[in-house]
Amino acid sequence: MERCGISIDKDSRIANDYNAFAQEMGDEDYILNLILRVITVSLETMQFVKALPKLTIHPLDR
């Protein structure tokens, strides 16, 4: 979340503002939607992992 704040480059004095990018793209909820997508992918990944068969390791492989 700290990367989503406004920062100004010391040398060029260019401002990096995530909110301005969202306004330019026409999606005021850009950051929120991005975070929601990450959460969705994480939850779906957990479901896939839980559905995998248990891993068995042969005793000679140790």
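The values are calculated or read from the model by the stated rules, or taken from the named source; none is laboratory data. Here the structure is a predicted model, which means the values were calculated and not measured. Cβ placement follows ideal geometry from the backbone for every residue including glycine, while neighbour counts extend to all protein chains displayed. Side chains are part of the model used for accessible areas, which takes the heavy atoms of the whole protein and leaves out ligands, DNA and RNA. Shrake-Rupley method; radii C 1.70, N 1.55, O 1.52, S 1.80 Å.
When the trypsin sites (Lys or Arg not before Pro) in region 5-51 are filtered for DSSP coil states and for at most 11 other beta-carbon atoms within 10 Å of their beta-carbon, the remaining sites are 10, 13. The mean accessible area for residues of the chain, using a 1.4 Å probe and ignoring ligands and nucleic acids, is 100 Å² per residue. Computed in the context of the full set of protein chains, the accessible area of the chain at 1.4 Å probe radius has 59% of its extent on carbon or sulfur. Length available on full extension from residue 18 to residue 33: 0.36 nm per residue minus the Cα-Cα distance, which gives 4.1 nm.
Listed values for region 21-34 are Karplus-derived 3J(HN,Hα) couplings in whole Hz (6.51 cos²θ - 1.76 cosθ + 1.60, θ = phi - 60°), namely 4, 4, 5, 5, 7, x, 10, 5, 9, 3, 5, 4, 5, 5, and x replaces Gly and Pro. Computed about its Cα centre, the charge dipole of region 3-62 is approximately 520 debye, with only Lys, Arg, Asp and Glu carrying charge at their Cβ.
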